[in-house]
Amino acid sequence: MTAVFKVLFPGAFTTIQDEGRFGYQAFGVPASGSLDFYAYRVANFLVGNSGDAATLEITVLGPKLEVTAPGCIALAGGNLQPFLNQLPMPQWAPVEVKKGDVILFKGVKTGCRAYLSVEGGFDVPEVMGSRSTYPKGGIGGISGRPIKAGDVLRKRKGNNPCGKALPENLIPSYPREITCHVIPGPQVDFFENIGDFYNTPYEVTSKADRMGYRLKGPCLVFKKEVPASIISEAIVPGAIQVPADGQPIVLMVEQTVGGYAKAGVITTPDRWRLAQLRPGDKVLFEPVGVLEAQKQLRDILTDLEKLKTLLMRA
Amino acid sequence: MQYPLFQPLGDRGLLVTLAPAIDEEGFQKVRKARQVLTHPAVEGIIEIIPGYVTVFILYDPMILAFQQLAAMVEKRLVDMQTVTLPSPRKVVIPVAYGGDFGPDLPFVAAHNHLSPEDVVAIHSNGRYPVYMLGFTPGFPYLGGLSEKIQAPRLETPRTHVPAGAVGIANNQTGIYPVASPGGWRLIGRTPLKLFNPGAAAPFLIQPGDLITFRAISPSEYDHIRETAP
């Protein structure tokens with residue numbers, strides 16, 4: 001379909017992502033998909049996309065893009081200091097661009113990731129039901145890899161007019177220290193000092209990507225009678241794995257099986273927020289029951305549906 | 001501990017542990033559990049993912065709450081006692097052993113005081129249940145490796161293991177479906193594609209299958225490679 005951007009500079013790590021690839025975890029294919037689902041969804045509503053349209057997930061250092069076709073675009077998520085033709089570009093709002101415009105980013109100010117949406121969504125082939133890039137498997141996005149200089153990004157045909165800006169009071173702030181709620185288990189009773197885990201903040205290390213966030217903080221100590229690894233079993237995004245060194249790793253969206261004990265799983269909405277932390281930021285864990293967590297998840301998904309009505313003009 | 005064991009794995013997952021240790025009986029239990037949970041389909045269940053001794057149920061909490069699902073699953077699992085399973089799908093994997101296809105075959109042989117030919121004979125005479133897939137798309141976690149040909153992982157993993165490589169790590173054998181780094185001892189290579197993302201059926205191997213390996217010559221390897229889809 002229509003060529004919408006030419007990539008002049010790819011940025012640190014920029015991939016095409018949608019909601020994710022579901023139904024293939026039993027075959028070892030991870031969900032992938034947008035790490036900050038809230039920002040991803042809103043970015044789509046702003047340009048009139050109702051469903052699972054593909055966006056660009058931009059990490060820390062953004063790309064430089066030349067606009068090759070007029071249309072409606074939007075940015076949501078962390079503030080990576082976007083500029084449109086030398087002027088700061090509004091975020092959380094639809095923006096009309098024209099041929100020859102240049103978008104670039106001057107470095108991260110808040111958060112870690114931003115989502116660039118276009119009306120209709122980016123046009124790449126669907127692979128097993130999703131357009132999300134999964135580089136290790138070489139599938140989705142552009143030839144299964146992050147974008148690179150010279151790529152031409154195309155869009156599909158949009159069905160709706162451009163949306164409305166997100167009201168200011170609904171724009172998330174991205175603090176550098178957050179609390180994440182954790183549903184304990186399944187191996188939470190492997191650890192001697194789970195109290196320390198909940199009482200002291202952990203720091204995000206430089207090893208933090210779409211596969212997982214390695215954290216640094218109080219060592220989780222295994223009880224003497226338990227093994228340091230378990231029989232491998234399915235894992236989920238947000239799972240807090242603890243290898244023998246006792247330093248937790250929060251899994252993100254590119255792993256399907258794990259053999260380390262899990263202290264718990266971060267709730268879905270809090271995992272979206274965790275994905276906006278960058279190295280040096282801090283996270284404090286707090287236990288929550290599964291029923292309470294599911295109520296909170298239902299609430300936020302319902303809120304997103306309301307936002308859809310609020311922001312879309314169709 | 002009481003089995004099955006029901007535990008939440010996050011706000012959209014239910015982990016059911018069926019047995020305490022990896023064995024043939026656990027393999028059959030996992031297969032049975034998948035069978036009774038899949039037929040008939042339950043609205044709100046997104047996927048059922050088998051492990052060595054577990055089934056993991058990924059579900060939509062907008063449709064099902066944890067308690068509701070756990071109660072329903074517990075009820076369904078009672079049928080495991082009466083369900084009859086179809087026999088596992090049998091998949092034959094042709095493998096060119098040794099040489100450039102399997103650079104660690106001499107090590108595995110020496111480590112076990114065998115000849116390379118013995119290792120090939122033992123490996124290709126085994127039958128290997130597919131407990132689950134993971135690590136990379138289509139990577140099978142196989143049981144059934146003979147104690148006679150076990151070998152430790154490489155001390156330093158290779159940065160590049162080609163797709164199709166067949167390896168041994170301790171008591172496991174496996175096949176790399178996509179090129180990736182890896183520390184298994186490589187004894188051979190299959191010309192078949194285990195992961196074919198563009199195809200209607202992208203995966204050659206499924207959980208619950210029974211795998212056997214068939215030794216082939218380098219020329220047969222080339223032939224299959226050229227003619228396979």
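Among B:Pro191, B:Pro157, which is more than 14 Å from every other protein chain (Cβ to nearest Cβ) and more than 28 Å from A:Ser32 (Cα to Cα)? Give the derivation first.
Numbers: B:Pro157 fails: more than 28 Å from A:Ser32 (Cα to Cα).
From the options B:Pro191, B:Pro157, the qualifying one is B:Pro191.
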Checklist line | Unique residue being away from chain B (no Cβ under 14 Å) and either surrounded by fewer than 19 Cβ atoms within 10 Å (Cβ to Cβ) or farther than 21 Å from A:Thr302 by Cα (or both) when the list is A:Phe22, A:Phe13, A:Phe27 | finding: A:Phe13
Notebook entry, point to check: When you scan segment A:163-194, how many residues do you find that are out of contact with any helix residue (DSSP H, G or I) (no Cβ under 6 Å at 6 or more places or on another chain), surrounded by fewer than 20 Cβ atoms within 10 Å (Cβ to Cβ) and closer than 20 Å to A:Asn44 by Cβ?
Noted result: 6
Margin query: Could you list, ordered by first residue, the pairs with Cβ atoms under 7 Å in which the first is in segment B:156-174 and farther than 18 Å from B:Leu204 by Cβ and assigned by TED's automatic domain parsing to the domain that holds B:Leu204 and the second is modelled with pLDDT under 95 and aromatic (Phe, Trp, Tyr), at least 6 apart or interchain?
Written below: B:Ile168/B:Trp184; B:Ala169/B:Trp184
Next item on the list: Would you point out the residue of segment B:25-45, among those that are in contact with a strand residue (DSSP E or B) (Cβ under 9 Å, 6 or more places away or on another chain) and closer than 23 Å to B:Ala65 by Cβ, that is surrounded by the fewest Cβ atoms within 10 Å (Cβ to Cβ)?
Entry: B:Thr38
Margin query: Checking B:Leu64 against (1) at the interface with chain A (Cβ under 10 Å from one of its Cβ atoms); (2) part of a strand (DSSP E or B); (3) aliphatic (A, V, I, L, M); (4) out of contact with any Phe, Trp or Tyr (no Cβ under 7 Å at 6 or more places or on another chain), only one condition comes out false. Which one?
Written below: (2)
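If I ask for residues that are under 11 Å from A:Glu192 (Cα atoms) and within 14 Å of another protein chain (Cβ to nearest Cβ), which ones from segment A:219-233 would you list? Quick ask: steps written out before the conclusion?
From segment A:219-233, those under 11 Å from A:Glu192 (Cα atoms) are A:219-226; that's our starting set.
Once the filter is applied, which keeps residues that are under 11 Å from A:Glu192 (Cα atoms) and within 14 Å of another protein chain (Cβ to nearest Cβ), segment A:219-233 yields A:Glu225, A:Val226.
Can you work out which of the residues in segment B:1-55 that are in a helix (DSSP H, G or I) and of a type in the set (Gly, Ala, Ser) is modelled with the lowest pLDDT?
From segment B:1-55, those in a helix (DSSP H, G or I) are B:24-38; that's our starting set.
Narrowing further to those that are of a type in the set (Gly, Ala, Ser): B:26, B:33.
Working: B:Gly26: 88, B:Ala33: 97.
Step by step, filter segment B:1-55, then rank; the result is B:Gly26.
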Next item on the list: Answer with yes or no whether A:Val253 is within 11 Å of chain B (Cβ to nearest Cβ) and either of a type in the set (Asp, Glu) or within 21 Å of B:Ile48 (Cβ to Cβ) (or both).
Entry: no
Margin query: Checking the structure you have, find out if any residue of segment B:177-188 is hydroxyl-bearing (Ser, Thr, Tyr), in contact (Cβ under 8 Å) with a residue 40 or more places away in the chain, within 18 Å of B:Asp118 (Cα to Cα) and surrounded by 19 or more Cβ atoms within 10 Å (Cβ to Cβ).
Written below: no
Next item on the list: May I ask you to list pairs of residues, at least six apart or on different chains, whose Cβ atoms are under 7 Å apart, with the first in segment A:268-297 being of a type in the set (Asp, Glu) and the second being in a loop (DSSP other than H, G, I, E, B)?
Entry: A:Asp281/A:Arg176
Margin query: Condition first: aromatic (Phe, Trp, Tyr), over 17 Å from B:Pro8 (Cβ atoms), in the same structural domain as B:Ala215 (by TED's automatic domain parsing) and in contact (Cβ under 8 Å) with a residue 60 or more places away in the chain. Can you find one or more residues in segment B:83-104 that meet it?
Written below: yes
Notebook entry, point to check: Of these, A:Val108, A:Val95, which one is of a type in the set (Val, Ile, Thr) and not in a strand (DSSP E or B)?
Noted result: A:Val108
Check: Are any of the residues in segment A:124-138 surrounded by fewer than 23 Cβ atoms within 10 Å (Cβ to Cβ) and closer than 19 Å to A:Val47 by Cα?
Finding: yes
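So that you can scan it fast, the table gives a plain yes or no per residue for (1) surrounded by 22 or more Cβ atoms within 10 Å (Cβ to Cβ); (2) within 22 Å of the chain's Cα centre (by Cα); (3) outside the structural domain of A:Val250 (by TED's automatic domain parsing):
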residue: A:Ala114; (1), (2), (3): yes, yes, yes
residue: A:Gly144; (1), (2), (3): no, yes, yes
residue: A:Asn160; (1), (2), (3): no, no, yes
residue: A:Asn199; (1), (2), (3): no, no, no
Margin query: Go through (1) polar (S, T, N, Q); (2) touching a strand residue (DSSP E or B) at 6+ places or on another chain (Cβ under 6 Å); (3) free of Cβ contacts under 8 Å to residues at least 24 places away in the same chain for A:Ser229 and report which single condition fails.
Written below: (3)
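Would you confirm whether any residue within segment A:188-195 is under 16 Å from the mean Cα position of the chain (by Cα), within 14 Å of another protein chain (Cβ to nearest Cβ) and closer than 18 Å to A:Ile249 by Cβ?
At the first step, the residues of segment A:188-195 found to be under 16 Å from the mean Cα position of the chain (by Cα) are none.
No, segment A:188-195 contains no residue that is under 16 Å from the mean Cα position of the chain (by Cα), within 14 Å of another protein chain (Cβ to nearest Cβ) and closer than 18 Å to A:Ile249 by Cβ.
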Checklist line | Selected residue (only one of A:Ile73, A:Ile16, A:Ile58 is within 30 Å of B:Ile175 (Cβ to Cβ) and either without any contact (Cβ under 8 Å) to a residue 40 or more places away in the chain or not in a loop (DSSP other than H, G, I, E, B) (or both)) | finding: A:Ile16
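Applying the selection to segment A:258-287, what residues are more than 16 Å from the chain's Cα centre (by Cα) and facing chain B (nearest Cβ under 9 Å)? Working first, answer last.
The first filter runs over segment A:258-287 and keeps only residues more than 16 Å from the chain's Cα centre (by Cα), leaving A:258-265, A:280-287.
Hits for segment A:258-287 are A:Gly258, A:Lys262, A:Gly264, A:Val265.
The values are calculated or read from the model by the stated rules, or taken from the named source; none is laboratory data. Quick caveat: nothing in here was measured; it's all calculated off a predicted structure. Don't worry about glycine lacking a Cβ; one is built from the backbone with ideal geometry, like all the others, and counts go over all protein chains shown.
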